[in-house]
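K.L.:
Below you will find the structure I want to go over with you.
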There are 2 protein chains.
Amino acid sequence: MIQVSIIGSGNVAQHLIQAFAKTTEIELVQVFSRKPELLFSLVPNHKIISDYNLLKAVDLIIIAVSDDAIAIVSAQITLKNQLVVHTSGSVSMDALNSKNRHGVFYPLQTFSVSKEIDFKLIPICLEATTRKDYQILEKVAKSISDVTYNINSEQRKALHVAAVFVSNFVNHLYQIGNELCLENDLSFDILKPLITETANKIQTLSPTQAQTGPAKRNDTQTIKAHLSFLTNDNQKEIYKLLTKSILDNGKKL
Amino acid sequence: MIQVSIIGSGNVAQHLIQAFAKTTEIELVQVFSRKPELLFSLVPNHKIISDYNLLKAVDLIIIAVSDDAIAIVSAQITLKNQLVVHTSGSVSMDALNSKNRHGVFYPLQTFSVSKEIDFKLIPICLEATTRKDYQILEKVAKSISDVTYNINSEQRKALHVAAVFVSNFVNHLYQIGNELCLENDLSFDILKPLITETANKIQTLSPTQAQTGPAKRNDTQTIKAHLSFLTNDNQKEIYKLLTKSILDNGKKL
C-alpha cells in the first residue's frame, strides 16, 4: 500500500479523500485541516490533524489548498526530503518549498462539493523532478483514475487557460442563457438537451466541424435581429465579440 | 396516421425524415428538394419531388430550409388553406405566406448531418394560430419527441438568442481550447471529461451554483498570469470580457 497524506479540506481535498477510500492500493494516513469539522464525515477522527508538527513521513503528501496558500503551507511542513505535490493547474512546481522533493498532481476537472463525480474519468496531470518520484505519482494517480498524463509546467499553464475557456467561461454562457430564459418566462430546462448535445458532439467531431449558428453561416440578418433583441449591454458586447471571433475564424479556413 | 410532407433536404429535414421513419403515427407523403440526390438513401424515390405543383394536400407541410428562403419557399406552394410551418428559431410565423394556415415547429437542437441524434430528447417548440392547428402540431411533435412546449414568437426569439449563447458560442470556446492544446503539444482529449462534466453539472445545479474558476474567486494573480500567457489578441479580448462579466455578476449577488 502507498501511504498518502492530504493537506486541505476544500473541494479537491474532499474529492481526493473519497476517491482514495475506494481503492485498496492507497492508505490515507493523515489529513491536515484548520477546519477539522469539514472532515468529520469523511475521515476517522484520529487521522485528522491541525498541527504541522504531527505530519508523519509518508510516500506522498498532497497539498490541496487555494493557489495563494500553496507556498505558505509547503513552508510550514517540518519534514525534510519528503515528496510533496500540489494540485493546482496554475501554480509552478517551484512554488513548493525546496527542503522537500516536489511535484504536481493536477486533476483536470471542475469540482463542486455538492456534486458527486466519477474520478476514474478525470485526467490527472503529473509532473516530478525524478523518475522515481514520477513513478510514485503515477501509481497513486492510476489507483483512482484511468487517465494520467505527463505534463510539464509550461503545458500545464496552457491547459489551465484552456480549461478556463471550456469550463468556467462556458458555464458563464450557460448563466446568460438562464437569464434570458428567466426574463422571458421560459424554463431553463428547454436549453438542457441542447447543452448536453453541444458537449457530446465534440467527443467525436472537432469543434470546427461541430460549429453551427448564424455567425458560422454569416447570417447577418439574424445577427442584427439578435443584437436588437438584447437589451443588456454586457450580453450585447459578449454577443458581438464572440460572433466576430467565429466570423474571423471562418475567413481563416 | 397523420400525413406530413417536408420541404428541404438539409440537416433539419434529414433528421426529421429519420425521426418520422421510426414512428407508425406519421405517414411521410412527399419530400420536396432541389437536390433530390441528398435524399436517395432516406426516402423512396417516388416520394421525392422537385416541382411545387406536385405537392399534395396533407395534414401538415414542414418547411425545413434556411431562414432566408422560408418566405420565398412558402410563396411557391400552390395549395391553399394548407397547414404550413417552418422550423426556424429566429423567423417570425408571419413570414409564411398568408394564403395558407401557418405555424412554427422548432426543434431546439444543434444538428450536424454526420452526427446521429435521439429525437425523443429534443424539445420541440410549437406555435399555431388556432387550437385545431396546434393540436395537429402537438400530435406530430409528440410522435417523435417526449418534450414539447407551447412557445410564442417573442419567447422563441429569446430562446434562439439563448441557444446561440449556450451552444454556438460555447462550441467556439471549445475551439479556442482546442487551439491552445494544439499550440502546446497537448491532446484536446485531455479537456473532454471537463467539458462533459461542465455540461452535466447544470442538469442539477444552477449555473450560478456551478460557477468555478479564477474570475469567480476574484483571483487576480491567476487572471494576470493567464492574460500574459495568451499571445493571441482575440483570445485575450474574449478572456478579458468574460472574466469581467463573471466578476460583475459576483458583485450583483
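K.L.:
Please determine, in degrees from 0 to 90 and to the nearest 10, the orientation of helix B:192-204 with respect to the longest principal axis defined by the Cα atoms of chain B, where the helix direction is its Cα long axis.
P.N.:
Approximately 70 degrees, to the nearest ten.
K.L.:
Now for a separate question. On the rotation axis linking copies B and A, which residue of B comes nearest by its Cβ, and by how many whole Å?
P.N.:
Chain B residue with minimal Cβ-axis distance: B:Ala199, 2.
K.L.:
Can you give the angle from 0 to 90° between the axis of helix A:11-21 and the longest principal axis of chain A, with both taken from C-alpha atoms, to the nearest 10?
P.N.:
Approximately 60 degrees, to the nearest ten.
K.L.:
Under 10 Å, Cα contacts only: if you run a Gaussian network model on chain A, which one of A:Gln82, A:Gln211, A:Gln30 comes out with the highest mean-square fluctuation?
P.N.:
Greatest mean-square fluctuation among the candidates belongs to A:Gln211.
K.L.:
Taking K and R as +1 and D and E as -1, what net charge do the other residues with C-beta under 15 Å from the C-beta of B:Ile223 add up to?
P.N.:
It works out to a net charge of +2.
K.L.:
Sort A:Val170, B:Val91 so the one with the fewest other Cβ atoms within 10 Å of its own Cβ comes first. Spell out each step's value before the answer.
P.N.:
Values: A:Val170 30, B:Val91 26.
In order of increasing Cβ crowding within 10 Å: B:Val91, A:Val170.
K.L.:
If I model a spin label at A:Asp68 and B:Glu183 as a point 7 Å from the Cα along the Cα→Cβ vector, what separation in nanometres do I get?
P.N.:
2.8
K.L.:
Can I ask one more? Quick one: B:Leu42, A:Leu191, fewest Cβ neighbours within 10 Å first, how do they rank?
P.N.:
B:Leu42, A:Leu191
K.L.:
Looking at the range B:9-67 from every direction and averaging, what is the projected area of its Cα convex hull in nm²?
P.N.:
Numbers: hull surface 16.9 nm².
The directionally averaged projection comes out at 4.2 nm².
K.L.:
Quick one: 3J(HN,Hα) in Hz for the range B:40-45, Karplus 6.51/-1.76/1.60 with θ = phi - 60°, rounded, Gly and Pro as x.
P.N.:
Values, residue by residue: 3, 7, 10, 9, x, 3 Hz.
K.L.:
I want the local charge near B:Ile48. Using Cβ-Cβ distances under 13 Å, sum +1 for each Lys or Arg and -1 for each Asp or Glu among the other residues. Provide the component values of the computation, followed by the final result.
P.N.:
Working: positive: B:Arg34, B:Lys35, B:Lys47; negative: B:Glu37, B:Asp51.
Surrounding charge for B:Ile48 is +1.
K.L.:
Here's another thing I want to ask about it. Arranged by the count of other C-beta atoms within 10 angstrom, fewest first, what order do A:Asp118, A:Asp59 take? Can you show the working numbers first?
P.N.:
Working: A:Asp118 12, A:Asp59 19.
The order, fewest Cβ neighbours first, is A:Asp118, A:Asp59.
K.L.:
Report the extension gain between A:Ala21 and A:Leu205 in nm, rounded to one decimal, defined as 0.36 nm multiplied by the number of residues separating them, less their alpha carbon distance. Provide the component values of the computation, followed by the final result.
P.N.:
Working: separation 184, 0.36 × 184 = 66.24 nm, distance 3.62 nm.
Computed gain between A:Ala21 and A:Leu205 is 62.6 nm.
K.L.:
Once you list every other residue whose beta carbon is under 9 Å from the beta carbon of A:Asn81, what net charge do they have if Lys and Arg are +1 and Asp and Glu are -1?
P.N.:
On the way: positive: A:Lys80, A:Lys99, A:Arg101; negative: none.
Residues near A:Asn81 contribute +3 overall.
K.L.:
Explain nothing, just compute: Karplus ³J(HN,Hα) = 6.51 cos²θ - 1.76 cosθ + 1.60, θ = phi - 60°, for every residue of the range A:48-53 in order, whole Hz, x for Gly and Pro.
P.N.:
Along the range A:48-53, the couplings run 8, 10, 10, 10, 4, 5 Hz.
K.L.:
Now for a separate question. Restricting to the protein assembly as shown, what percent of DSSP beta bridges are antiparallel, rounded to 5?
P.N.:
20
K.L.:
Taking the DSSP beta bridges in the range A:2-151 as the whole, what percent of them are antiparallel, to the nearest 5?
P.N.:
20
K.L.:
Taking the alpha-carbon distance from A:Lys80 and a cut-off under 17 Å, which aspartates and glutamates remain once sequence neighbours fewer than 8 residues away in the same chain are dropped?
P.N.:
Straight-distance partners of A:Lys80: A:Asp51, A:Asp59, A:Asp94, A:Asp133.
K.L.:
Give the angle, between 0 and 90 degrees and rounded to the nearest 10, that separates the Cα long axis of helix A:153-163 from the longest principal axis of the Cα atoms of chain A.
P.N.:
For A:153-163 against chain A, the angle is about 40 degrees.
K.L.:
In sequence order, what are the phi-derived ³J(HN,Hα) couplings for the range A:66-78 according to the Karplus relation 6.51 cos²θ - 1.76 cosθ + 1.60 with θ = phi - 60°, rounded to whole Hz, with x for glycine and proline?
P.N.:
So the J values, rounded to whole Hz, are 5, 3, 4, 8, 4, 4, 4, 4, 5, 6, 7, 5, 8.
K.L.:
Between B:Asp51 and B:Ile2, what FRET efficiency follows from the Cβ-Cβ distance if R0 is 22 Å, with the result rounded to 0.05?
P.N.:
So, using R0 = 22 Å, E works out to roughly 0.35.
K.L.:
For the range B:21-75 and the range B:185-253, what is the separation of their C-alpha centers, rounded to whole Å?
P.N.:
With the range B:21-75 and the range B:185-253 each reduced to a Cα centre, they are spaced 44 Å.
K.L.:
Same structure, new question: Run the numbers on the range A:123-253 and let me know its relative contact order in percent, using alpha-carbon pairs under 8 Å that are six or more apart.
P.N.:
Relative contact order comes out at 15 percent.
K.L.:
Please work out, to two decimal places, the log10 of the ratio I(q)/I(0) at q = 0.09 Å⁻¹ from a Debye calculation in which every Cα of the protein assembly as shown carries one identical scatterer.
P.N.:
The Cα Debye sum returns log10 ratios of -0.70.
K.L.:
Turning to a different aspect of this structure: Per residue and in cubic angstrom, what volume does the convex hull of the Cα atoms of the range A:2-151 have?
P.N.:
In the range A:2-151, the Cα convex hull volume per residue is 101 Å³.
K.L.:
Looking only at A:Leu83, A:Leu39, A:Leu173, which one moves most when chain A is put into a Gaussian network model with springs between Cα atoms under 10 Å?
P.N.:
The residue with the greatest mean-square fluctuation here is A:Leu173.
K.L.:
What are the residues whose amide H is under 5 Å from the amide H of A:Cys125, where those residues sit 5 or more places off or on another chain and H is modelled from the backbone?
P.N.:
A:Tyr106, A:Leu108, A:Tyr149
K.L.:
Starting from the Kirkwood Rh over alpha-carbon pairs, what translational D in µm² s⁻¹ does chain A have by Stokes-Einstein at 4 °C and 1.567 mPa s?
P.N.:
62
K.L.:
Hey, another quick one. Could you tell me what percent of the DSSP beta bridges with both partners in chain B are antiparallel, to the nearest 5?
P.N.:
Counting only bridges with both partners in chain B, antiparallel ones make up about 20 percent.
K.L.:
Which far-off residues, 5 or more places away or on another chain, put their amide H under 5 Å from the one on B:Ile49, with H placed in the peptide plane?
P.N.:
B:Val31, B:Phe32, B:Ser33
Every read-out reported here was derived from the displayed coordinates using simple, explicitly stated rules and does not represent laboratory data. Just so you know, these numbers come straight off a predicted model, no measurement behind them. Cβ sites come from the backbone with ideal geometry, for glycine too, and all protein chains shown count toward neighbours.
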